[in-house]
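Please read the structure below before turning to the comments.
Just so it is clear, none of the values below were taken in a lab; they were calculated from the coordinates. Note that the structure is a prediction, hence the values are computed from the model and not measured. Please note: Cβ atoms are built from the backbone with ideal geometry, for glycine as well, and neighbour counts cover all protein chains shown.
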Amino acid sequence: MVPADKTMLNDIVKRPLLWVMLYGALIAYGIYALLNIHAEVLPQFNMPQVSIIAQLPGATTLDLEGLIARPIEAELQSLQSLGDVRTVIGQGSVKIEARFTEGTTAASALQDVNGVIGRINGSLPGGATLTTEISGNAINEVADYAVEIPDGVDASMVQRVVESNLAPRIRAVPGVQRVSVAGPGQDALWVRPDLLKMQRFNVSASTLAASLGAATGMVPSGYVDLGHQDIFVEGRSLPTQPSEYADISLPSPGGAIPLGAIADVVRAAPPSHHAVKLDNRPTIALVVFKQPGASTLPVVNEVDRTLHELERQLPGGARFVRIYSQGHIVGVVAADLSRNLAIGAVLAVAVLFWMLGASRGIWAVALSIPLSLLLGIAGLYLAGQTLNLLTFGALSVAVGLLADDAIIVLESIYHRWEAGDSRWEGVVRGLRDIAGPDISGTMTTVAVFLPLAFVGGLAGLFFVPFSLAMTVSLIASLVISLSMIPLVLGFIGPRAEKRMSSGAHAVAWLKGHNLRLFEFTLRRPTRSLWACIAIFVVSVAGLALVPVDFLPLPNEAVLLESFTLPPGTSLHDAEDASDRISERLLGLGPVAHVFSRVGSASGTSYTEPAYAGEIQIALKPDVNASSLDQIGQQVLDASKLPAVQTAIGTPTLERVGETLSGLPQPFVVDVYGDSIATLQSLSSEVTRRLASVPNLSGVFNNDGYPITELQITPRPNGLTLHGITPAQLFSQLHILLAGQTVATVPEGNGHLDVFVRLADPTHLSIEQLRQLPVMANGWTTLSDVADVRMATGPNVIRHLNGLRAIEILATPTAPLGQVISASRQALATLSLPAGYEVKFGGLYPQLERAAINVGIAAVVALALMLGILTLQFDGLLVPGLLLLQMPLAFSGGAIALVVSGVGLNAIGLIAFLTLIGVSLNHGIVLLQLVKRNEAQGLSVVDAVRDAVEVRFRPILLTVLTASLGLLPTALGFGKGAAPEQGLAIVTLGGLVWSGLLSTNLLPALYVHRREKQRQKTL
């Protein structure tokens, strides 16, 4: 009788067209996915968290708290899915982070917040600008440009052209989300009153502003029927020239007077509380953000092309200079890692041909590697993922592992043919022998990664893309090994080698040495185990010598230096420091351009105060990537100035930091309370106590740093005496000192503001301010109706769910839980007034939740692995030995990392998790054969010896193919390989060590335990 499984296989073989159509469809979709999947640096951070940025230049921290922060926070509390609200209020800006509960989509969170802003926007102060965006949008800043403006060209005119004519064209580029423009400001019609002339003609600032507003307008006035046409009527009073405004009539007690009698009207840019410069000259900055789902390279390339076409519209021969392009690093990473994937696959295939010969159906195995990768990419595309550092890392690890399933199936079938089976009988029996171990081995590896695909929060940002890529690729490899490989081998049949190849000689030589090592381990299983444990302990301890870096990135051709002066430092002094640093940097040989930004322009997502900023250093094209650290040190050395703190990095890393800035710092102590003064006093005491805590460095209390303010407080008796209200007083002061846009008139594609302010009130002394004339029931001085005095105010106010708080930051140098415990003891005796409390916040609660999520995923993964292994093997001995091997496999990865000198980063850490799954495959395949040998009547020792001898070649081949697949990346081949190098080194070392454990320690321990079991039964 013909076996049922052989009959089923024959039925399948009789329908080859079915398999051709199936794989043809999969390959076609895979090619489509490969051509359309986006390449990025990092996966999209789609967190349900929205940033609200409000800017009101000139407003103090306490003003912004009452006028903007409190109203928005109160309205946000009406949202049902809101989790918590964190607010940072500084001089001139407010940043609110609204975090929503898990399960809320980022898009719906943004929609809810925009609804809140729409309801409350009308009640916010005039001049305030609000921006809302999904937190994590900073990584979508893909290109920065600056306009090089020749001498004699007005920068404000250039900005008008950029904002009115060019920026709309860039916003229309497919994939562009937002375009921010920053510069000295567009030119406006600036009305600059003369205080003495205002007093002479008895015209107040409020009357001046109201008259200008009434003199401009555009009102639809119906239509008239003339003949056969309806002629629409429009009233227009839209003067655009300074001379036209000089004749505008103003009311005065002595009769109407022209505006020119009391004020100058010029066309110029109103003053701004920020500065941007290119090579120490005024410039216009153009910052481009892509849409979250758009592909970086096409967007950047199209923006470049569009700006090149539009450049001739710039006045006076000005031109665009590209300072930063994320497309550069995306292109480098994608090109280098794709090339390394291809080289690794070629090396893996080459070693297979060398060791097994071209006549053994190896070309089918060779085909399985790119096919599995193609199907893996198709799965990523279907899941909405991109090719980024994490998914590229998973595919790099998978290159060699993908051949694992195909090799063991091929070896099993050839083993049956070498034992004398016929073509299809050998295929059927070989597949039947190996299908169980193949499936359980792959599914055990998948069981490690699959639960991580459902981890949310902070851990999910990094685990989900990696686990999806590994899972999809491994399942594709399993399906191909159990379908395509046996079918192809069945068609070509066994073909005997005429002579033994050099590769076969190498395999035989390695097998002989491994058998001697196995015999040594077999005689000393306990000592060998303790030796491996000792190596494990030493290797883990050696990780302390490994440098740690969050995410090293290749040369972006740009460095970014951030700088900060003491809180309260004037914009003038901060700009002077920036100019001095820029001048020094321009003298460095590798530097091509220096773009500096001090403070934050209105309408942008930046929130730096006027005493801080960034400098982007564009490097020359011929700068060597290996010298980047040296150049960075040169930049820091050249930037040293008294009282200026600087830090160096790269723009993309800065964008990642800004993307994750909604996530709190690792160690934060929050002091809650009501009174600013009490909070500052308590925070100083908390800072002092934390400074003595071991393993806690860099205790930082910038929130408690007071700054000087000039306060104007009306006196009730003075107001009554002169017949003026506080609102009337402040209205005049706002117009004269801060300035007010009183009208807007259209001009071309843009608009022209009519702005009223004194020519230069920022240089008035305190005494001059006291003597400032104000109109009441007659002219009087400010000092007659109000007190003008210096006072201290808070530098920063924080709200955590509406409560005032001061944050104290520090850097833990030991496990976070240990440092938290020591800090609690240091603060245990702190005396707090009623209504005040101290809490540990920051990343600690999120790490607790992330640890719980990862812990649950680990428990689920362990349960899945135990379930699979228990079903595969009878009893708990084999599952126990396999699970024991998992931590021991870490040794190889740790030793390889220590020896290489390469740093450990966030992606490299995932490699240690990878070793858990991949270390089991070899042991499962070997011990499955041991159990079958025992079932056929062989003794334990003979069963194990035979299994080691039979399975050594497929285990060796999978280790070699996997190692060679990772080799180009492990060697750092190409600038884009830098972030993946640690991942490749850890995985490569772990694979080699795991192969040694699987063919030596694991079978020796099995014999040792089985002999003990046998002795107990005697």
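Values computed for the structure shown
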| quantity | calculated |
| --- | --- |
| Size descriptor, Kirkwood hydrodynamic radius, that averages inverse alpha-carbon separations across the range 558-649, Å | 13.5 |
| Beta bridge orientation in the chain: antiparallel %, DSSP, nearest 5 | 95 |
| Signed unit charges on C-beta, dipole axis of the range 165-259, positive-most listed residue Tyr245, Asn202, Ala182 | Ala182 |
| Scaled radius of gyration (Cα, divided by 2.2 N^0.38 Å) that the chain gives | 1.17 |
| Relative contact order %, the chain, counting alpha carbon pairs below 8 Å whose residues are six or more apart | 18 |
| The range 282-295 - phi-based ³J(HN,Hα) in whole Hz, Karplus 6.51/-1.76/1.60, Gly and Pro as x | x, 8, 10, 9, 10, 10, 10, 10, 8, 5, x, x, 7, 8 |
| Ranked list, fewest to most other Cβ atoms within 10 Å of each Cβ, for Leu17, Leu926 | Leu17, Leu926 |
| Between helix 362-382 and the chain: long-axis angle, C-alpha atoms, 0 to 90°, nearest 10 | 30 |
| About the Cα centre, charge dipole magnitude for the range 362-489 (Lys/Arg +1, Asp/Glu -1 at Cβ), debye | 220 |
| Farthest toward positive dipole pole in the range 199-330 [+1 Lys/Arg, -1 Asp/Glu at C-beta], among Ile329, Gly255, His274 | Ile329 |
| Cβ-based charge dipole, the chain, positive-most Cα from Leu487, Gly66, Ile413 | Ile413 |
| Extended-chain gain in nm, criterion 0.36 nm per residue less alpha-carbon gap, Val941 and Arg824 | 36.3 nm |
| Tail fraction, Cα-Cα pairs, the range 46-135, threshold 15 Å, whole percent | 53 |
| FRET efficiency estimate (nearest 0.05) - Cβ-Cβ, Met790 to Ala28, R0 60 angstrom | 0.20 |
| Sorted by Cβ neighbour density within 10 Å, fewest at the top, the residues Glu418, Glu949, Glu73 | Glu418, Glu949, Glu73 |
| Only Lys, Arg (+1) and Asp, Glu (-1) charged, at Cβ; the range 558-649 dipole about Cα centre in debye | 80 |
| Centre separation in Å (Cα based) which lies between the range 699-718 and the range 212-282 | 38 |
| Added length on full extension, which subtracts the Cα-Cα distance from 0.36 nm per residue, Arg932 to Phe730 | 63.5 nm |
| Using alpha-carbon coordinates, inclination of helix 525-542 to the longest axis of the chain, degrees | 20 |
| Order of His415, His922, His505 - criterion: other Cβ atoms within 10 Å of each residue's Cβ, fewest first | His505, His415, His922 |
| Check: the chain dipole with +1 on Lys, Arg Cβ and -1 on Asp, Glu Cβ, in debye | 3840 |
